[in-house]
Amino acid sequence: MASLTKLTGLPALPSDSDSDYKPTSSESEEDAEDLPEDEEDEEDATLTQLTIMAHNSAHAGNLEQAEQMYRGVLAGRTAGRGPDHPTTLLATNNLALFLQKAACLVDPAATADKLAEAEQLLRQALQGYETSRGTDHSDTLCCCNNLAQLLYVQEKDLHEVEPLFRRALSGNEAKLGVDHPSTLASVSNLARVLEDVNKLEEAGVLYERCFAAKEDQTLTPDILEECNDLAKFWRRQEKYEQALPRCLQAVEGRTLVCGALHSDTLASLYGLAAIYIGMEEYAQAKQAAEKSLTGYATLKMVDDVQDGVEQVSLILLKMGRENEIAELKERYSSL
């Protein structure tokens, strides 16, 4: 499975915005009748500070301590405000995302249990947000996305993941606009799921939409990676005429931003050669493949050198120059 894109810009869930752990004032003031005002403010401040400490502990690698703190916040919020209060749901979401991130860093035997608990917590949080905030609130949409990503990571039923991502996309388009970063992240995530379930035509439309929205921005490695991924998407379907311009963009952009000898640039050149092979443009394929192979050898990237040798060998075979293959393999055998 391809990796998913993280949403940004949804203010109410600090898991998606690491700089803000304090609920908004409107959230803090809702349903406050259970505690006297001074006591309520003191408890809220304590639990908010504990959330920040949990976050810092997690970043420092103190996972057991961080988990205890996240659980403490959730217990405190539940006791003080009830299970469906927005601040409690926020704590539920935070613990779930922590467990998901920690799962890959702990004993593999515990991974499944942590992911299962994270899934249960996110389902609980999503149901709570739907009840307390509404189905189209930003909190609800962000939690919807978080659950979909967790299910995707666990390789759960993609036919459940797909409607969750569709819902997040539809809501973000309506609330944030079609070109908002969170909307585009939803576009990208849905496209990846559609690719996995073989809905390739719609996936291609979404991939192109996502990249087109960013194409005029200042080139960054992330944008160029999307461009390169889009070229690979079309290449895997043997739609070389659509793959070629995107791959050329990736090569040119990565050469400019990353440098001619950067591994990403060389990977794009390798992909460009593969596209030309599919188009039976062998002279251009050979030029791109040899440039990629020379770069891999310079960087002593042994596995990539082997792949490059195989690619150039294939091109030579297609060109009727198989007598040059032995010398090519000998030249790079010492790496």
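Here are a few things to note about the model shown:
For (1) polar (S, T, N, Q); (2) crowded, with 17+ Cβ neighbours inside 10 Å; (3) in contact with a Pro (Cβ under 6 Å, 6 or more places away or on another chain); (4) closer than 18 Å to residue 236 by Cα, each residue gets a yes or a no:
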| position | (1), (2), (3), (4) |
| --- | --- |
| 261 | no, no, no, no |
| 269 | no, yes, no, yes |
| 286 | no, yes, no, no |
| 302 | no, no, no, no |
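- Some residue of the range 240-257 being part of a loop (DSSP other than H, G, I, E, B) and either outside the structural domain of residue 210 (by TED's automatic domain parsing) or not charged (D, E, K, R) (or both): no
- Among the candidates 141, 122, residue that is buried (at least 22 other Cβ atoms within 10 Å of the Cβ) and modelled with pLDDT of 95 or more: 122
- Single match in 87, 111 (criterion: surrounded by 19 or more Cβ atoms within 10 Å (Cβ to Cβ), in a helix (DSSP H, G or I), at pLDDT below 95 and among the β-branched types (Val, Ile, Thr)): 87
- Test result for residue 135, surrounded by fewer than 18 Cβ atoms within 10 Å (Cβ to Cβ), closer than 20 Å to residue 92 by Cβ and of a type in the set (Val, Ile, Thr): yes
- Remark: pairs (first residue in the range 259-272, among the charged types (D, E, K, R); second residue not in a helix (DSSP H, G or I); Cβ separation under 9 Å; 6+ apart in sequence or on different chains) = 264/258.
- Residues being aliphatic (A, V, I, L, M) and touching a Cys at 6+ places or on another chain (Cβ under 6 Å) - total across the range 144-199: 4
Here's the yes/no breakdown for (1) out of contact with any Leu (no Cβ under 6 Å at 6 or more places or on another chain); (2) outside the structural domain of residue 206 (by TED's automatic domain parsing); (3) among the charged types (D, E, K, R):
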| residue | (1), (2), (3) |
| --- | --- |
| 99 | yes, no, no |
| 113 | yes, no, yes |
| 124 | yes, no, no |
| 134 | yes, no, no |
| 143 | no, no, no |
| 151 | yes, no, no |
| 165 | no, no, no |
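- Taking the criterion of being touching a Lys or Arg at 6+ places or on another chain (Cβ under 6 Å) and within 23 Å of residue 226 (Cβ to Cβ), the only residue of the range 275-303 that qualifies is 275.
- Residues of the range 304-323 satisfying the condition of being surrounded by fewer than 13 Cβ atoms within 10 Å (Cβ to Cβ) and either β-branched (Val, Ile, Thr) or farther than 20 Å from residue 278 by Cα (or both): 323
- Of residues in the range 149-167 being part of a helix (DSSP H, G or I) and of a type in the set (Asp, Glu), the one surrounded by the fewest Cβ atoms within 10 Å (Cβ to Cβ): 160
- Given (1) touching a residue at least 24 places away in the same chain (Cβ under 8 Å); (2) under 29 Å from residue 215 (Cβ atoms); (3) in a helix (DSSP H, G or I), index of the condition residue 312 fails: (2)
- Filter pass, residue 74 being under 24 Å from the mean Cα position of the chain (by Cα) and either buried (at least 16 other Cβ atoms within 10 Å of the Cβ) or over 13 Å from residue 47 (Cβ atoms) (or both): no
- Residue in the range 151-169 that is at pLDDT 90 or above and polar (S, T, N, Q) present: no
- Residue within the range 288-308 that is over 24 Å from residue 264 (Cβ atoms), assigned to a helix (DSSP H, G or I) and either β-branched (Val, Ile, Thr) or touching a residue at least 24 places away in the same chain (Cβ under 8 Å) (or both) present: no
- If the condition is being surrounded by fewer than 19 Cβ atoms within 10 Å (Cβ to Cβ) and either in a helix (DSSP H, G or I) or not acidic (Asp, Glu) (or both), then the range 177-204 contributes 177, 178, 180, 181, 196, 197, 198, 199, 200, 201, 202.
- Residue within the range 238-256 that is within 29 Å of residue 179 (Cβ to Cβ) and among the acidic types (Asp, Glu) present: yes
The values are calculated or read from the model by the stated rules, or taken from the named source; none is laboratory data. This one's a predicted model, so the numbers in the text were calculated from it and none came from an experiment. When we count neighbours, we look across all protein chains shown, and the Cβ atoms used for this are built from the backbone with ideal geometry, even at glycine.
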